[in-house]
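The next block holds one structure in the form of structure tokens; read it before the comments.
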Amino acid sequence: MHRQDLINKLNEYRPEFEEEAKFRALFLSFVEANEDCFERSLQIGHVTGSAWILDLKREKTLLTHHAKLDRWLQLGGHADGDPDVEAVAMKEALEESGLSDIKLVSHAIFDIDIHTIPARKQDPEHLHYDVRFLFEADSSKPLQINHESNDLQWVPISDLHQYTTERSILRMAKKTLASAGSDK
């Protein structure tokens, strides 16, 4: 079953936050119930893959100012039929950043989120079942903005609140700061 890898990853994932524990149950139910969960054509929602990219010192994260949503977000996007959400996250990170060397830190899920995408043109309001993976990249390398973004910036994790109030991004920042503290 093409969904089994994601189902296994979700079953192995141990959320640190209560909100994510609720998401995990909903996520599993959605993936198990929808064979076409990786297809954008599933109008109620679909699985997406995202990259939480940290600099080598793990003090900054790379955010994009999303052109359509007009918000600072992590890089990521639609699976478009690809059940390998880890590969989707990597592909999106490379395409949206212009970086050529991004390193996957772990094959394990870093974070999950379910969020509403507003209706736009021919697309109705729908849900993104977003799987996030942890990556590293050299923040001294040049970035290249593409058509999906208004801007790209390496943002100090301590300053994220100046860029966004998105709960899921602030949650990933908390996880990053907690792991930095446990590395000492």
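The values are calculated or read from the model by the stated rules, or taken from the named source; none is laboratory data. Computed from a predicted model, the values in this text were never measured in an experiment. Note: ideal-geometry Cβ built from the backbone for every residue, glycine included; neighbour counts use all protein chains shown. With ligands, DNA and RNA removed, areas are computed over all heavy atoms of the protein, side chains included. Shrake-Rupley method; radii C 1.70, N 1.55, O 1.52, S 1.80 Å.
Tabulated data for the structure shown
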{"item": "Contour minus Cα-Cα distance for D36 and D101 (0.36 nm per residue)", "result": "20.3 nm"}
{"item": "Diffusion coefficient, µm² s⁻¹, Stokes-Einstein with Kirkwood Rh over alpha-carbon pairs of region 1-87 at 4 °C and 1.567 mPa s", "result": "89 µm²/s"}
{"item": "Neighbourhood charge, 15 Å Cβ-Cβ cut-off, centred on R71 and excluding it, Lys, Arg +1 and Asp, Glu -1", "result": "-4"}
{"item": "Cα centroid of region 89-134 to Cα centroid of region 39-73, whole Å", "result": "4 Å"}
{"item": "Percent accessible area from carbon and sulfur atoms, region 1-141, protein chains only, probe 1.4 Å", "result": "47 percent"}
{"item": "Within straight-line cross-link reach of K68, lysines at Cα separation under 17 Å, skipping those fewer than 8 residues along the same chain", "result": "K121"}
{"item": "Residue-by-residue Karplus 3J(HN,Hα) for region 25-33, coefficients 6.51, -1.76, 1.60, Hz, glycine and proline x", "result": "4, 5, 4, 4, 4, 5, 5, 5, 8"}
{"item": "Ordering of 49-57, 102-110 by packing [mean C-beta count within 10 Å, highest first]", "result": "49-57, 102-110"}
{"item": "Radius, Kirkwood style, for the chain when every pair of distinct Cα atoms is counted (Å)", "result": "16.6 Å"}
{"item": "Lysines with Cα under 30 Å of K57, excluding same-chain neighbours fewer than 8 positions away", "result": "K9, K91, K103, K141, K174, K175, K184"}
{"item": "Kirkwood hydrodynamic radius (C-alpha pairs) into Stokes-Einstein, region 77-184, 37 °C and 0.692 mPa s, D in µm²/s", "result": "209 µm²/s"}
{"item": "Solvent-accessible heavy-atom area per residue, rounded to whole Å², over the chain at 1.4 Å", "result": "52 Å²"}
{"item": "19 Å cut-off, amide nitrogen to a point 7 angstrom out along I44 Cα→Cβ, residues in region 8-27", "result": "22-27"}
{"item": "Nitroxide proxy distance, nm - points 7 Å out along Cα→Cβ at H78 and D159", "result": "3.4 nm"}
{"item": "S179-H126 FRET efficiency (beta carbon distance; Förster radius 25 Å; 0.05 resolution)", "result": "0.20"}
{"item": "Cα→Cβ-extended label distance, 7 Å offset, between S29 and A119, nm", "result": "2.5 nm"}
